[in-house]
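Okay, so here's the structure we're looking at.
The values are calculated or read from the model by the stated rules, or taken from the named source; none is laboratory data. In this text the structure is predicted, and so the values were computed from the model without any measurement. Methodologically, a virtual Cβ is constructed for each residue, glycine included, from the backbone with ideal geometry; neighbour enumeration extends over all protein chains shown. SASA here: full protein model, heavy atoms, side chains in, ligands and nucleic acids out. Shrake-Rupley method; radii C 1.70, N 1.55, O 1.52, S 1.80 Å.
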Amino acid sequence: VPLILAARRRVPKVTHRVAEAMSGYVLDWLRQGRVDLGLLYQPVDDRGPRSAALLSEMLVLFGPVEAPPGAAFPPEGPVPFARSPTDLPLILPSSGHGLRDLVDEAAVAQGVRVVPGIEIGAYAGIKALVEQRLGFSILPAHAAQAEVAEGQAPGLAVDPPLMRTVHLAQPTDRPLSHAVGAV
């Protein structure tokens, strides 16, 4: 939304079409010429699109205000990541989703295995299930920002910190229009 608002102020005659999907689909759309720009969570530098890092975001342990039945709520402060996948009931996207792949890579580095009790691909669904006290999740801080700010759910830092980088990808096999360049 902030991007569209800024673009509307600067180039009001440009029409915007925003499509949302997992990074793999967005990359395919770029390669097929179906979209002009894409936001991805992995760098890309091949014959089709190329990417540049835009920002890094922290991932947080997102949980209900009250611990799920049978689960101890993590203490305040950074939660050891090695504890998250083993001691807490997790709600995560399925393997192949960029967020899940990042969590799985961190688990391997910590010598633990991630076995979520529930797998669901949409942040809204994850947050609704967490709200129902069915478990905890690991989400980008921005995805949990509203619930944390309103006191509906805590967003706890993980130790070591989990970060992911957002990349702006664009095609290299066709020229960018003036409208795309302006955006």
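Summary table
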quantity	calculated
Within the range 57-71, tally of residues that are touching a residue at least 24 places away in the same chain (Cβ under 8 Å) and surrounded by fewer than 23 Cβ atoms within 10 Å (Cβ to Cβ)	9
Members of the range 23-42 found to be part of a loop (DSSP other than H, G, I, E, B) and either open to solvent by 90 Å² or more (accessible area, probe 1.4 Å) or basic (Lys, Arg) (or both), listed by number	Arg34, Gln42
Close pairs from the range 127-148: first within 21 Å of Ala71 (Cα to Cα) and in contact (Cβ under 8 Å) with a residue 40 or more places away in the chain, partner in a helix (DSSP H, G or I) and open to solvent by less than 40 Å² (accessible area, probe 1.4 Å), Cβ under 6 Å, at least 6 apart	Ser137/Ile126; Ser137/Val130; Ile138/Val103
The range 171-183 residues that are farther than 18 Å from Asp28 by Cα and in a loop (DSSP other than H, G, I, E, B), paired with ones that are open to solvent by less than 50 Å² (accessible area, probe 1.4 Å) and β-branched (Val, Ile, Thr) (beta carbon under 8 Å, 6 or more apart)	Val183/Val11; Val183/Val14
Test result for Ala107, under 15 Å from the mean Cα position of the chain (by Cα) and of a type in the set (A, V, I, L, M)	no
Residue, most open to solvent (accessible area, probe 1.4 Å), within the range 135-162, restricted to residues that are over 20 Å from Ala109 (Cβ atoms), among the aliphatic types (A, V, I, L, M) and within 14 Å of the chain's Cα centre (by Cα)	Ala141
Selection within the range 110-134 - open to solvent by 60 Å² or more (accessible area, probe 1.4 Å), among the small types (Gly, Ala, Ser) and in a helix (DSSP H, G or I)	Ala124
Odd one out for Leu54, checked against (1) under 21 Å from the mean Cα position of the chain (by Cα); (2) surrounded by 16 or more Cβ atoms within 10 Å (Cβ to Cβ); (3) under 30 Å from Asp159 (Cα atoms)	(2)
All positions within the range 59-98 that are small (Gly, Ala, Ser) and in contact with a Pro (Cβ under 7 Å, 6 or more places away or on another chain)	Gly63, Ala71
Residues of the range 18-36 that turn out to be over 18 Å from the mean Cα position of the chain (by Cα) and touching a residue at least 60 places away in the same chain (Cβ under 8 Å), as a count	4
Qualifying positions in the range 79-109 - open to solvent by 10 Å² or more (accessible area, probe 1.4 Å), in a helix (DSSP H, G or I) and touching a residue at least 40 places away in the same chain (Cβ under 8 Å)	Gly98, Leu102, Ala106
Flag if His167 is within 30 Å of Arg8 (Cβ to Cβ) and at pLDDT below 90	no
Search result, residues across the range 49-67 that are closer than 15 Å to Ser84 by Cβ and part of a strand (DSSP E or B)	Met58, Leu59, Val60, Leu61, Phe62
